[in-house]
1. What residue, among those in the range 1-41 that are β-branched (Val, Ile, Thr) and at pLDDT 95 or above, is surrounded by the most Cβ atoms within 10 Å (Cβ to Cβ)?
2. Would you check which residues across the range 28-55 are within 13 Å of residue 12 (Cα to Cα) and among the β-branched types (Val, Ile, Thr) and list them?
3. Identify, please: which residue in the range 45-62 is surrounded by 15 or more Cβ atoms within 10 Å (Cβ to Cβ) and closer than 15 Å to residue 6 by Cβ and is, among those, nearest to the chain's Cα centre (by Cα)?
Amino acid sequence: MPESVFQELDVVALIKDVPEHHLLRGHVGTVVHAYSSDAFEVEFVNAQGHTYGLATLNSSQLLRLRYEPALA
């Protein structure tokens, strides 16, 4: 299996609306399971810690957020 773009516990943001799950572009979630190299279960949690969305998404719908600078 090819290496996945995303791994479990990566923090991601939606780059497209997912209306069937009531999720909008910009919502931030966490990859909780990688089913394959291009299918990921992502959980979306509000500031109070309550899940407001759980969806299986592919890499074309997600952007991995980075908290560290790129190494030269």
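1. Step one: list which residues in the range 1-41 are β-branched (Val, Ile, Thr), which gives 5, 11-12, 15, 18, 28, 30-32.
Then keep just the ones that are at pLDDT 95 or above; that gives 11-12, 15, 18, 28, 30-32.
Details: 11: 15, 12: 22, 15: 12, 18: 17, 28: 13, 30: 14, 31: 20, 32: 13.
Of everything passing the filter in the range 1-41, 12 is surrounded by the most Cβ atoms within 10 Å (Cβ to Cβ).
2. Once the filter is applied, which keeps residues that are within 13 Å of residue 12 (Cα to Cα) and among the β-branched types (Val, Ile, Thr), the range 28-55 yields 28, 30, 31, 32, 42, 45.
3. Only one residue tops the list, namely 62.
The values are calculated or read from the model by the stated rules, or taken from the named source; none is laboratory data. Quantities reported herein were computed from a predicted structural model and do not represent experimental measurements. Neighbour counts run over all protein chains shown; Cβ positions are idealised from the backbone, glycine included.
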